[in-house]
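The values are calculated or read from the model by the stated rules, or taken from the named source; none is laboratory data. Please read these numbers as outputs of a predicted model, since none were measured by experiment. Here the Cβ positions follow ideal geometry from the backbone for every residue, glycine too, while neighbour counts run over all protein chains shown. Please note that ligands, DNA and RNA were not included when accessible areas were found on the heavy atoms of the full protein model with its side chains. Shrake-Rupley method; radii C 1.70, N 1.55, O 1.52, S 1.80 Å.
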Amino acid sequence: MSSHLDTVTSLERLRELPATALPALAAEIREELISNVTRTGGHLGPNLGVVELTIALHRVFSSPRDAIVWDTGHQSYVHKMLTGRRDAFARLRQADGLSGYPSRAESEHDLVENSHASTALSYVDGLAKAFALRGEHDRAAVAVVGDGALTGGMCWEALNNIGAAPHRPLVIVLNDNGRSYSPTTGSVAAHLAVARDGGTPALFDALGLAYLGPVDGHDTAALERSLRTARALRAPVVVHCITQKGRGYPAAEDDEVDHLHALSPPGSGDAGGRPWTSITAEELVDIARQRPDVVAVTAAMLHPTGLHELARVFPERVFDVGIAEQHAVTSAAGLALGGLHPVVCLYSTFLNRAFDQVLMDVALHGLPVTFVLDRAGITGNDGASHHGMWDLSLLGLVPGIRVAAPRDEPQLRALLREAVSHSGPTALRFPKGHAGPELPARGRIGGADLLCGGRPGGVLMVVSGACVAAGLDAAARLRMTGEDVTVVDPRWLLPVDPALVAAAEAFRLVLTVEDNGCAGGYSQALNQALRAAGCTVPVHGIALPQRFLPHGTRGDLLASQGLDAAGIAAFVRAHCASRPLRRSG
Ligand SMILES: Cc1ncc(C[n+]2csc(CCOP(=O)(O)OP(=O)(O)O)c2C)c(N)n1
Ligand SMILES: CC(=O)[C@@H](O)[C@H](O)COP(=O)(O)O
Ligand SMILES: [Mg+2]
């Protein structure tokens, strides 16, 4: 017997389904979510929580004429299943497969691809204005925003504007499951919680928006009624839906950490070594035991950044500020002004949101704040807006900040201690995944570690962080074909080490390798330093292209950009073949 989902071959067919069929449809969707996502990895918990909500949305609103914007977008799998992509889930988040976020290339029903939270209200504010100005008064602008995303400052900037336009229709569907990863923090979450007891949060009315709710976010009929009422209001309105993250799958419902917020693909653990995040977490606890001035700040990512370990030991010294990176950074500046040394733990890509705060609230005042940037470089399955390929370029613009990239566990521990001992701003960056085996130094060149080679006249490879292993492998391959390659790890990338500048003169080519965009990265900084010192040795950089890169595995994406051993070796061969050896001495 065909399932209801089999009959829903279009949104029109979805709208034709009798209401009595909707609970069964929801059950079928949940079953497919669980079977697919437990195999591919992905955001299972969030999507299990929006099954009925998504069905109701697409029965009441007519996408794409009506614009539906999914905040963060990690909860758009059901939307994708209902808009013709059910069969593509077998390759969810895999190279050339279905994106884990909305994708404009995939569907006209997908508007916003950015996975950075708290943007949807601003988008629909703009969409509502555009519809009004274009006379498209039949079109609805609908945002689906989570209670976690609602802790982001952009939401309140948008609400300030939306509430001031009482005659401009706009629907905000608040998907309130009480969670980001962890329970959503802050006074807004506490205020919204009254709705779980049937109360009415007064906040939205005070801001000039109509409020409908609380609505049972798993009762499709109730959801449809509320959404139809919201649509008919033709005014800014919040539909407050109470949902359960992970609903319908006990393994997710019972997961107290984050209700299976983001499942890794089975078997995706790296071979060897420990996760960078775990090493950092452990070292931070040891540091905090010795340094009562060290505190930590997270933007709603306590477990993903490993800070739950520190919070377990020193709960009063870890601050979860919500999905509020700008506030995280400037409140850290306040902590530093108050005599403490804050460690702000973020995913690299989310630092983008707080660049001005790093520049003008921390660095301008030379404050002792340490940024730990996890997921730096290519991250993999989360795709373009998650790759941490911007931080080296951004931090290269910040006067006075010191930036490090550890190559292995001992270096991570050492660099973290050096960072929190520095009197000014510092940053450490490392990728998603596991730190490989220890890569011991053979000597020093200023503050840089000499890892192999050392004979003048050959190639000087300057490589840092997780790229060092591939660099050493490439150097070994090149030595087998007669190329002499000296490999150094600067440890502290920025500012550029003057000793490296001085040493470069003895080589015929300097090669940099970095898991960052090529615009404004380390290669550019080293090249500028060499030229400023009057050194004429050419610098070639292997880096990521300055464009948005797709999702896939980290290893495959690095290899596709020539950042693996084979790619590095081929690059050197190509550039050295065109340059005669410089005789040393
Ligand atoms: C600016 C930014 N910071 C952090 C994240 C990481 N992140 C992804 S989903 C999420 C929690 C979102 O909670 P909520 O909006 O309530 O959605 P839910 O998962 O509960 O459906 C976070 C912190 C992000 N995507 N964007
Ligand atoms: C949607 C979001 O931003 C996060 O949930 C992210 O997908 C998690 O990434 P990791 O799996 O690398 O922790
Ligand atoms: Mg939530």
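Sort out which residues of the stretch 397-440 are among the small types (Gly, Ala, Ser) and open to solvent by 50 Å² or more (accessible area, probe 1.4 Å), and write them in order of number.
First pass over the stretch 397-440, keeping only residues among the small types (Gly, Ala, Ser): 400, 404-405, 414, 419, 421, 423-424, 427, 433, 435-436.
Those that are among the small types (Gly, Ala, Ser) and open to solvent by 50 Å² or more (accessible area, probe 1.4 Å): 400, 421, 423.
To keep it simple, each residue is scored yes or no on (1) over 19 Å from residue 111 (Cα atoms); (2) away from ligand 2 (no atom under 16 Å from the Cβ).
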| residue | (1), (2) |
| --- | --- |
| 127 | no, yes |
| 131 | no, yes |
| 134 | no, yes |
| 153 | yes, yes |
| 156 | yes, yes |
| 171 | no, yes |
| 174 | no, yes |
| 182 | yes, no |
Just need a number here: residues in the stretch 28-47 that are assigned to a loop (DSSP other than H, G, I, E, B) and surrounded by fewer than 23 Cβ atoms within 10 Å (Cβ to Cβ). 1
How many residues of the stretch 412-465 are under 19 Å from residue 501 (Cα atoms) and in a strand (DSSP E or B)? The answer is 13
Restricting attention to the stretch 138-156, and to residues there that are open to solvent by 10 Å² or more (accessible area, probe 1.4 Å) and out of contact with any helix residue (DSSP H, G or I) (no Cβ under 7 Å at 6 or more places or on another chain), which single residue is nearest to ligand 3 (Cβ to nearest atom)? 146
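Got at least one residue in the stretch 158-169 being within 20 Å of residue 208 (Cα to Cα), open to solvent by 20 Å² or more (accessible area, probe 1.4 Å), away from ligand 3 (no atom under 16 Å from the Cβ) and in a helix (DSSP H, G or I)?
Start the filter on the stretch 158-169 by keeping residues that are within 20 Å of residue 208 (Cα to Cα), which leaves 158-169.
From the residues that got through so far, the ones that are open to solvent by 20 Å² or more (accessible area, probe 1.4 Å) too are 160-161, 164, 166-169.
Checking the rest, the ones that are also away from ligand 3 (no atom under 16 Å from the Cβ) come to 160-161, 164, 166-169.
Checking the rest, the ones that are also in a helix (DSSP H, G or I) come to 160-161.
For the stretch 158-169, residues within 20 Å of residue 208 (Cα to Cα), open to solvent by 20 Å² or more (accessible area, probe 1.4 Å), away from ligand 3 (no atom under 16 Å from the Cβ) and in a helix (DSSP H, G or I): present.
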Counted residues, the stretch 212-229 - those being open to solvent by less than 40 Å² (accessible area, probe 1.4 Å) and not hydrophobic (A, V, I, L, M, F, W, C): 6
Any chance you could count how many residues in the stretch 77-121 are surrounded by fewer than 17 Cβ atoms within 10 Å (Cβ to Cβ) and aliphatic (A, V, I, L, M)? 4
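Within the stretch 350-375, which residues are open to solvent by 10 Å² or more (accessible area, probe 1.4 Å) and within 14 Å of ligand 1 (Cβ to nearest atom)?
Of all residues in the stretch 350-375, those open to solvent by 10 Å² or more (accessible area, probe 1.4 Å) come to 350, 352-353, 355-357, 359-361, 363-368, 375.
Listed by number, the residues that qualify are 350, 352, 353, 355, 357, 375.
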Could you pull out the residue among 65, 15 that is away from ligand 1 (no atom under 16 Å from the Cβ), modelled with pLDDT of 95 or more, touching a His at 6+ places or on another chain (Cβ under 9 Å) and charged (D, E, K, R)? 15
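Has the stretch 190-199 got at least one residue that is buried (at least 21 other Cβ atoms within 10 Å of the Cβ) and within 30 Å of residue 357 (Cα to Cα)? Walk me through it before giving the result.
Start the filter on the stretch 190-199 by keeping residues that are buried (at least 21 other Cβ atoms within 10 Å of the Cβ), which leaves 192.
Now narrow it down to the ones that are within 30 Å of residue 357 (Cα to Cα): 192.
Yes - at least one qualifying residue is present in the stretch 190-199.
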Matching helices (runs of 4 or more DSSP H) fully within the stretch 471-585 where at least 3 residues are polar (S, T, N, Q): 522-532
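Take residue 347 and tell me if it is of a type in the set (Phe, Trp, Tyr) and within 16 Å of ligand 2 (Cβ to nearest atom). Spell out how you get there, then give the answer.
Values: of a type in the set (Phe, Trp, Tyr): yes; within 16 Å of ligand 2 (Cβ to nearest atom): yes.
Yes, satisfied.
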Look at residue 186 and say whether it is away from ligand 2 (no atom under 16 Å from the Cβ), open to solvent by 30 Å² or more (accessible area, probe 1.4 Å) and touching a Ser or Thr at 6+ places or on another chain (Cβ under 6 Å). yes
